[in-house]
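J.: Quick one: this structure, given as structure tokens, is what I'll be asking you about.
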Amino acid sequence: MPVHPSVPLSATAATLRRAGCVFAEDEARLLHEAARSPRELDTLTERRASGLPLEHVLGWAEFLGHRYAVDTGVFVPRRRSELLVRQAAALGPGRAVVVDLCCGSGALGVALAAALDGVELHSCDIEPAAVRCARRNLGGLGHVYEGDLFAPLPAALRGRVDLLLANVPYVPTGDVDLLPAEARVHEPRVALDGGDDGLDVMRRVAADAPNWLAPGGSLLVETGEHQTPAAVEVVAAAGLIPRVVVSPELYATVVTGTAPGTGTGSG
Ligand SMILES: C[S@@+](CC[C@H](N)C(=O)[O-])C[C@H]1O[C@@H](n2cnc3c(N)ncnc32)[C@H](O)[C@@H]1O
């Protein structure tokens with residue numbers, strides 16, 4: 001129900017459609033719900049029509065049925081990453097120690113904590129804007145650290161991590177310019193660019209993961225379809241036991257690498 005009857009929903013939708021928004025009606029409804037005045041509605045509509053991602057205009061993104069704050073300049077969690085969280089939840093012991101590396105807004109770690117019981121959650125990212133956003137989304141649920149991959153994590157976590165989520169940047173450098181403008185222009189390059197073959201950050205994560213995983217603990221990464229064989233090799237080269245799960249519906253691939261040994265859970 002639009003809260004601004006003075007501005008018909010159809011007019012907002014027409015503006016968005018002219019700007020190239022595919023889901024113009026749905027987006028118009030969300031903008032009408034978000035705006036507290038006709039003037040604010042104008043501003044939101046203009047921002048969206050200028051190409052800003054809808055989630056940055058609204059200030060939130062939906063992920064696995066919940067809304068998470070997403071500030072401008074922070075990677076918008078993708079629906080395909082539901083597979084990563086679902087796979088992690090299926091592996092998770094009760095009271096798991098979870099690290100969400102490259103956490104962006106922090107949505108994936110929070111969603112995983114919601115799916116498991118009594119999780120100890122540690123999230124980290126190199127981008128200050130992402131860290132600020134993740135702190136808001138985690139609230140009192142866990143700790144958020146700023147820095148390069150594992151560097152800011154407390155040493156006490158070594159050998160204790162049951163689930164290591166790492167939705168690292170994995171777009172090959174040469175493909176970044178081919179991404180839709182919403183990603184290319186409005187998301188930071190450090191959130192997208194994975195180096196020559198897209199696997200540079202993943203290689204660094206996999207190489208250090210065995211130092212942090214508990215016996216039987218798992219690293220979970222998302223990959224592009226064509227990168228999967230190389231990602232499996234990366235995980236296996238780190239001494240982890242690889243497994244691949246594909247969801248054609250979500251157009252998503254997850255590679256899991258499990259540390260040898262029997263998981264005891266942490267609780
Ligand atoms: C593809 S985004 C994923 C964000 C979040 N996990 C999600 O799925 O919504 C990758 C994230 O990795 C972070 N990142 C890139 N390089 C990093 C590094 N060396 N250390 C820590 N974080 C890094 C970026 O800032 C970005 O937030």
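The values are calculated or read from the model by the stated rules, or taken from the named source; none is laboratory data. These numbers were taken from a predicted model, which means no experiment stands behind them. FYI the Cβ positions are ideal-geometry reconstructions off the backbone, even for glycines, and counts take in every protein chain you see. What goes into the accessible areas is simple: the full protein's heavy atoms, side chains included, and nothing from ligands, DNA or RNA. Shrake-Rupley method; radii C 1.70, N 1.55, O 1.52, S 1.80 Å.
J.: Tally up the carbon and sulfur contribution to the accessible surface of the stretch 17-106 as a whole percent, 1.4 Å probe, everything protein left in place. Spell out each step's value before the answer.
T.: Values: 1980 of 4230 Å².
C and S atoms contribute 47 percent here.
J.: Would you mind working out the accessible area per residue for the stretch 127-211, using a 1.4 Å probe, and quoting it in Å²?
T.: 47
J.: Ranked highest first by average number of other Cβ atoms within 10 Å, how do 134-143, 19-28, 52-61 line up?
T.: Going from most to least packed, we get 52-61, 134-143, 19-28.
J.: Still on this structure: Counting C-alpha atoms alone, how compact is the stretch 128-200: give Rg to one decimal and Dmax as a whole number, in angstrom.
T.: Computed over the Cα atoms of the stretch 128-200, radius of gyration and Dmax are 14.8, 42 Å.
J.: If you don't mind, there's one more thing I want to ask. Using helices alone, what [θ] at 222 nm do you get for the chain, with -39,500 (n - 2.57) per DSSP H run of 4 or more residues, divided over all residues and rounded to the nearest 500? Let's see the in-between values first.
T.: On the way: 10 runs with 97 residues, N = 267.
Calculated from helices alone, the mean residue ellipticity at 222 nm is -10500 deg cm²/dmol.
J.: Compute the helix-to-body angle for 228-237: its Cα long axis versus the longest principal axis of the chain, expressed 0 to 90° and rounded to tens.
T.: The answer is roughly 30 degrees.
J.: Please report the equivalent ellipsoid semi-axes of the chain, computed as sqrt(5 x eigenvalue) of the Cα gyration tensor, largest first, in whole Å.
T.: Whole-Å semi-axes of the equivalent ellipsoid: 36, 20, 16.
J.: How large, in percent, is the carbon and sulfur part of the accessible surface of the stretch 134-267 at a probe radius of 1.4 Å?
T.: Carbon plus sulfur share of accessible area: 55 percent.
J.: In debye, nearest 20: dipole of the chain around its Cα centre with unit charges on the Cβ of K, R (+) and D, E (-)?
T.: On the way: 23 positive and 32 negative charges, 110 e Å.
Computed charge dipole of the chain: roughly 520 debye.
J.: Roll a 1.4 Å probe over the protein chains and send me the accessible area per residue for the stretch 1-67 in Å².
T.: That works out to 58 Å² per residue.
J.: Name the residue from A89, A183, A236 whose Cα lies farthest towards the positive end of the charge dipole of the chain, charges +1 on Cβ of Lys and Arg and -1 on Cβ of Asp and Glu.
T.: Value: A89.
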